[in-house]
Structures are given as structure tokens and as C-alpha cells.
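> The following block contains the structure, expressed as C-alpha cells.
Please treat every number below as a calculation from the coordinates, not as lab data. If you're wondering where the values come from, they're calculated on a predicted model, not measured in any experiment. Here the Cβ positions follow ideal geometry from the backbone for every residue, glycine too, while neighbour counts run over all protein chains shown.
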Amino acid sequence: MSETGYRLIDFGDGRKLESFAGRVFDRPSPAAEGVQKHSPSRWKSADSVFQETSRRWQHRTAVPDAMTVELDGFCMPISPTPFGHVGLFPEQALNWRWLMDTAPVAVAPPASGLNLFGYTGASSIAMAIGGMKVAHVDAAKPNVATARLAAGCNGLTDHPIRYLVDDAVKFTARELRRGNRYQTIVMDPPAYGHGPSGKAWRLERDLWPLIDSCLSLLTPENFRFLITGHSPQVRTMDVVDYLQSQIPPRFDLSQSQFMGGLRSGRLSLRDAQNRKLDAGFFVQCTRQLSR
Ligand SMILES: C[S@@+](CC[C@H](N)C(=O)[O-])C[C@H]1O[C@@H](n2cnc3c(N)ncnc32)[C@H](O)[C@@H]1O
């Protein structure tokens, strides 16, 4: 039977070996430094290898025109990118499930979700499947085009998802001024980046004011806020501590059970030997007065 899903086969020596719908990719993984590959012989089966020195893919078999990976609840098109990505971050699976399962009950108008640094659009799709209308923001035009394509693969072409090529910080500030509010905000910021006009994004410097803006953009009674990160500059506890200091003064918690509250941990992938490959942190924050 042909494979349709995602699988981490092996990792070690700074690389990971993965199967996306049966096509095998060998690419760099800083989290796999200092660990030995478990099954070195399996790496010969790679169809595509991303060379770190030349920053190029070497394809040993022809890359199909269209490839799609079946996930838990939706599917994603994949394609090797010039940065060694493939258009999917499978370590986010637990967050997609959370976004699909705990979405506020769709009412008219439906609840609004905001996906900042949205890239592949997988989290936008998860929110859309949960019944939300979505604003998907990314600074890179090609990434936004890819996200639109991914929604189309899931029959969501006509779903209210707004695709915005914009700076996450500027967009959030503009939404605050407009008085718009969101029930769910998702952000997966990189360590370094820049907006469409070149404005620099630096995680350590810019995360905290962006979290502040997002807390002001969230609907006070019911909200979900998801923050993920992949670089050592910001640790899980830094984000948890910051939220714990900022949420009580902004929201009247006496009226609510702060249901779910804060849940945090590490994102990871498991290989065929059940070894864990670290993939950053997540912090899920939920407030729900009624449902
Ligand atoms: C770590 S990726 C996000 C991956 C995403 N969670 C997913 O699953 O596809 C970071 C994204 O942030 C975007 N980006 C970088 N700086 C930005 C900025 N200032 N404003 C908006 N997007 C930015 C990049 O174009 C990139 O697509």
C-alpha cells in the first residue's frame, strides 16, 4: 500500500530523514546535532537531499508535479523550497488538533482567527476546519500564495480566509486601531525576519510588544492564544512567565474559571525507534467563560 502521510524515519549527525507521502527527504536539522543516526543504511533511500554547503537540493528521483500529504483532519501540498523546507512543519500536529477541536462554536458571524507568520497556512486551515473565519498574515508573497493553494486542496477556496502580505507587527497595530477583535491568535515567529518593506523582526526584541498587542486584540471573554518558537533565544518559561504577568491585569479573571489556562511544552517528532527529535516550544493559552 502506498504511503500517504508523514513519518520521521531517522535522525542524527545534524540531519533528519523523513517520508512525506512516501517521498523520502534528507535535510539539515540543528536539533539532530550531537546524536548518532540509528540506521545509517536507510539514508541511501532518500529521494531528495538538501546540501548544507551549496544550500541546494539534489534530487535522485524525479520530483512529482504535485505531492500531497494526508494529515490528521486535512491535507497539505508539499514541494521542496530553496531554503530546504518542504511546505509543512509536522511538529505542529498537536497544535492543529487543538485548533480544530477547541474552536469557539461557530456563530453568525463566525469566530475570527488570526494566523501571524502563517507561512504554509496549515494553522489557518485548522482554524477554518474548526469553523472560524481567518486572517492569514505573512511577509513573503510566495509563502502567502502557497498557503492559498493549500486551502484550495482542502476544499476551502470559498471559505472566509483573508490572505495578507504584511508585517505581523504593523498588521496587529492596525487591527487594534480599527477596533477589530479575534477569538484565536496563533503566532509562530522566526528568530529573524523582515516585513514586506524590509522592517526587521528580531524575536528577542519584538516578541514581547507583539504579545502585548495580541492580548489587546483578543476578545476578553473567550479566547485562545498559541505561541510557538524554535530558537534558543526565547525559552518556554520566558513566554509562560510573561503571559502570567500580563494576563491578570488585563482580564478580570475573578469572573471566570480560567479554563485550560496555560499549557506549555516541547514540540517534537518521533522516529521509527520512538526517539524524540526536539522541535521547539509551544504555549497554549485558553480563556473560556462559556461555551
Ligand atoms: C517559522 S515560519 C512559520 C511557519 C508556520 N507556523 C507554518 O506552520 O507554516 C516563519 C514565517 O514568518 C514570516 N515572517 C518573517 N518576518 C515576518 C514579519 N515581520 N511579518 C510577517 N511575517 C514574517 C516568514 O515569511 C515565514 O513564512
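> If we count GluC sites (Glu not before Pro) as exposed when they sit in a DSSP loop and have at most 16 other beta carbons within 10 Å, what is the longest stretch of the chain that avoids them all? Please report the intermediate quantities before stating the final value.
On the way: sites that count: GLU3, GLU33, GLU52, GLU221.
Counting at most 16 other Cβ atoms within 10 Å as exposed, the longest clean stretch of the chain is 53-220.
> Between GLN273 and ALA145, what is the label-to-label distance in nm when each label sits 7 Å out along the Cα-to-Cβ direction?
Output for this residue pair reads 4.2 nm.
> Okay, moving on. Straight-line reach from LYS37: which lysines have a Cα under 28 Å away, not including same-chain ones fewer than 8 places off?
List returned: LYS16, LYS276.
> Treat each spin label as a single point 7 Å out from the Cα along the C-beta direction, and report the SER216 to SER197 distance in nm.
1.9
> Taking amide H positions as placed in the peptide plane 1.01 Å from N, state which residues far from LEU71 in sequence (5 or more) or on other chains have amide H under 5 Å from it.
It is MET76, by chain and number.
> Between SER41 and ALA62, what is 0.36 nm times their sequence separation minus the Cα-Cα distance? Round to one decimal in nm.
5.4 nm
> Less than 12 Å Cβ to Cβ from ASP206, Lys/Arg counted +1 and Asp/Glu -1: what total charge do the surrounding residues give?
Values: positive: LYS170, LYS199, ARG202, ARG205; negative: ASP167, GLU204, ASP212.
Cβ neighbours under 12 Å give a net charge of +1.
> Could you tell me what a quarter of the Cα convex hull surface of the chain works out to, in nm² with one decimal place?
Mean orientational projected area (the chain, Cα hull): 16.2 nm².
> Let me ask something additional. Against the 2.2 N^0.38 Å scaling, with N counting residues, where does segment 1-147 land? I'd like the Cα-based Rg ratio to two decimal places.
Cα Rg divided by the expected 2.2 N^0.38 Å: 1.16.
> Lysines near LYS170 by alpha-carbon distance under 26 Å, same-chain residues fewer than 8 away left out - which ones?
Hits, sequence-local ones excluded: LYS133, LYS141, LYS199.
> Let me ask you something else. How much length is gained on full extension from ARG250 to GLN51, taking 0.36 nm per residue of separation minus their Cα-Cα distance? Present the calculation step by step, with values, prior to reporting the outcome.
Details: separation 199, 0.36 × 199 = 71.64 nm, distance 4.80 nm.
That works out to 66.8 nm of additional length.
> Could you give the length gained by full extension between CYS75 and LEU176, i.e. 0.36 nm per residue of separation minus their alpha carbon distance, to one decimal place?
This chain segment gains 33.1 nm when fully extended.
> Short version: what are the Cα gyration tensor semi-axes of segment 1-76, square root of 5 times each eigenvalue, largest first, in whole Å?
Sorted largest first and rounded, they come to 22, 15, 12 Å.
> Any idea what the relative contact order of segment 90-288 is, in percent, if you count C-alpha pairs under 8 Å spaced at least 6 apart?
Details: 366 pairs, mean separation 35.2, N = 199.
With pairs under 8 Å counted, the relative contact order is 18 percent.
> So, in Å, what gap is there between the alpha-carbon centers of segment 170-190 and segment 116-130?
Spelled out, the Cα-based centre of one part sits 14 Å from the other.
> Here's something else I'd like to know. Helix-derived [θ] at 222 nm for the chain: sum -39500 (n - 2.57) over DSSP H runs of at least 4, divide by residue count, nearest 500?
Counting only the DSSP helices, I get -7500 deg cm²/dmol.
> Additional query: Pull up the DSSP beta bridges for segment 57-194 and report the antiparallel fraction as a percent, rounded to 5.
Here the antiparallel bridges make up roughly 20 percent for segment 57-194.
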